[in-house]
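Right, one structure below, let's go through it.
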Ligand SMILES: [Zn+2]
């Protein structure tokens, strides 16, 4: 993935996806409060609404989508992925992911340590975006997105997947409940592979393997840990919960 500086807005994109897309960082926005500075994209975190609006305007202009074309998620740590279209623009849904094949619709998911994932099938012209928290990850939200894309004509072979910066194994200490849920839902082998004996978990590895399990081959993941690099990214864990939020966007 490439780091882009567009008039001060720092974000990440990949040449493997030719349509407008990107993962924001915390740099290049106008939010002033130290824990929200600068590029906070959360509307309910106590930020000034005009600052958040301006941040969205800057991201849209940097990445190249229409600011007023976004469909929003009320992220509820589910594995629900909805198929949306133009009629859903500016609406907010109780889910953690979207797919569409309509031009002029921008899919957005917000994160601050959780895993943002973007999906693109250039042959079928179908896109997807997912917020994979640990519960969504073990409930297979990434596979639900592939399924929803395939219902719109995509095939796993043709889907390119980008996994943005998120909390990595170095910093992601989990509880017994995480390990127990993983064991119950995904079995012993996966649990042993992705949760260490001292309870550090690898969400990127888990999402990658679950995508490969349904036939996706072209997967690129950021090597950045949001918690280690909290000067570049908002991190829930590094900030002990007092933080802004980033967003991943994709649009046909
Ligand atoms: Zn780390």
Highest mean packing first, using Cβ neighbours within 10 angstrom, the peptides 134-141, 176-183, 243-250 sort as 243-250, 134-141, 176-183
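Taking only C-alpha pairs under 8 Å that are 6+ residues apart, what is the relative contact order of segment 185-252 in percent? Mind showing how you got there, number by number?
Values: 31 pairs, mean separation 9.2, N = 68.
Computed over segment 185-252, the figure is 14 percent.
Looking at the square roots a ≥ b ≥ c of the eigenvalues of the Cα gyration tensor of segment 155-252, which shape do they give, rounded for a/c under 1.5, prolate if a/b is larger than b/c, or oblate?
On the way: a/c = 2.24, a/b = 1.04, b/c = 2.15.
It is oblate, given that a/c is not under 1.5 and a/b is not larger than b/c.
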Ranked by GNM mean-square fluctuation in the chain (Cα springs under 10 Å), the top entry among 78, 24, 14 is 14
Euclidean distance between Cα centres, segment 207-227 to segment 1-80, Å: 22 Å
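Taking the mean number of other Cβ atoms within 10 Å as a proxy for protection, how do you rank 157-169, 53-65, 81-93 from highest to lowest? Before the final figure, lay out each step's value.
Working: 157-169: 22.9, 53-65: 19.2, 81-93: 15.0.
So the peptides 157-169, 53-65, 81-93, ranked by packing, come out 157-169, 53-65, 81-93.
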With springs connecting C-alpha atoms under 10 Å apart, model the chain as a Gaussian network and identify which of 210, 107, 186 has the largest mean-square fluctuation. 186
Shape call, segment 32-176: gyration tensor on alpha carbons, a/c limit 1.5: oblate
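Per residue, what volume in Å³ does the convex hull of the Cα atoms of the chain enclose? Write down the numbers at each step before the final one.
Values: hull volume 27.5 nm³, N = 252.
Expressed per residue, the convex hull around the Cα atoms of the chain is 109 Å³.
Over segment 102-252, what relative contact order in percent results from Cα pairs under 8 Å that are six or more residues apart?
Details: 286 pairs, mean separation 54.8, N = 151.
Once divided by the residue count of segment 102-252, the mean separation gives 36 percent.
Could you tell me the relative contact order of the chain? Use alpha-carbon pairs under 8 Å, at least six residues apart, and round to a whole percent. Before the final figure, lay out the partial values.
Values: 609 pairs, mean separation 58.8, N = 252.
Averaging sequence separation for qualifying contacts and normalising by length gives 23 percent for the chain.
Rounded if a/c is under 1.5, else prolate if a/b beats b/c, else oblate: with a ≥ b ≥ c from the C-alpha gyration tensor eigenvalues square-rooted, which is segment 1-62?
The shape class here is prolate.
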Out of 23, 12, 234, a Gaussian network model of the chain with alpha-carbon springs under 10 Å gives the largest mean-square fluctuation to 12
Rounded to 5, percent antiparallel among DSSP beta bridges of the chain: 75 percent
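Read-outs: derived from the displayed coordinates by stated rules, not from any lab. Keep in mind the model is a prediction, meaning the values are calculated, not measured. In this analysis, Cβ positions are derived from the backbone assuming ideal geometry, glycine residues included, and neighbour counts consider all displayed protein chains.
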